Amino acid sequence: MRIRSVLSHSFQAIAEGALIALIVVGLVAGTALAGKPTRGGPTGSCSVTPGQVAVAADWTLDARNLGANRFVMVRITNGGSTTAFNLGSDAAGSLSLTWHSYWAGAAKVELFDNGGRKLQWLTTCTFEVV
């Protein structure tokens, strides 16, 4: 009788461990897939002025055709650093942002529609920081 009880509890412990592992894997996979931006749908356009930016200088992003009153994630990558934040486009589907350069090298600004379940790519601008 004791052996049957030990086997029953062992089986229950293994089943419980497998269930916990399955839940953890599901959460990790769901989180990894949820944040991936998708391409397609409406796209905008953007430009950075000046086109060649000096280190420690300000630059301005102008974006158009993003869609009226959209929740837009702006991701700036420069010199191994990434900064991301959310802005709203205006009623004409435009936004403008002034930012500061910190490192020399290629820089990229990506804009995504952040109003749905997944990020939707809108446009990308690249420029050089010298």
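Which of the residues spanning region 119-130 are closer than 20 Å to Ser45 by Cα and in a loop (DSSP other than H, G, I, E, B)?
First, the residues of region 119-130 that are closer than 20 Å to Ser45 by Cα: 119-128.
Residue satisfying the conditions is Leu119 alone.
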Condition met for Asp90 (farther than 17 Å from Thr60 by Cα, of a type in the set (Asp, Glu) and either assigned by TED's automatic domain parsing to the domain that holds Ala57 or at pLDDT 95 or above (or both)): no
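Restricting attention to region 117-128, which residues are touching a strand residue (DSSP E or B) at 6+ places or on another chain (Cβ under 9 Å) and over 16 Å from Thr60 (Cα atoms)?
First, the residues of region 117-128 that are touching a strand residue (DSSP E or B) at 6+ places or on another chain (Cβ under 9 Å): 118-128.
Passing the criteria: Lys118, Leu119, Gln120, Trp121, Leu122.
The values are calculated or read from the model by the stated rules, or taken from the named source; none is laboratory data. In this text the structure is predicted, and so the values were computed from the model without any measurement. Positions of Cβ are backbone-derived with ideal geometry, glycine not excepted, and every protein chain shown enters the neighbour counts.
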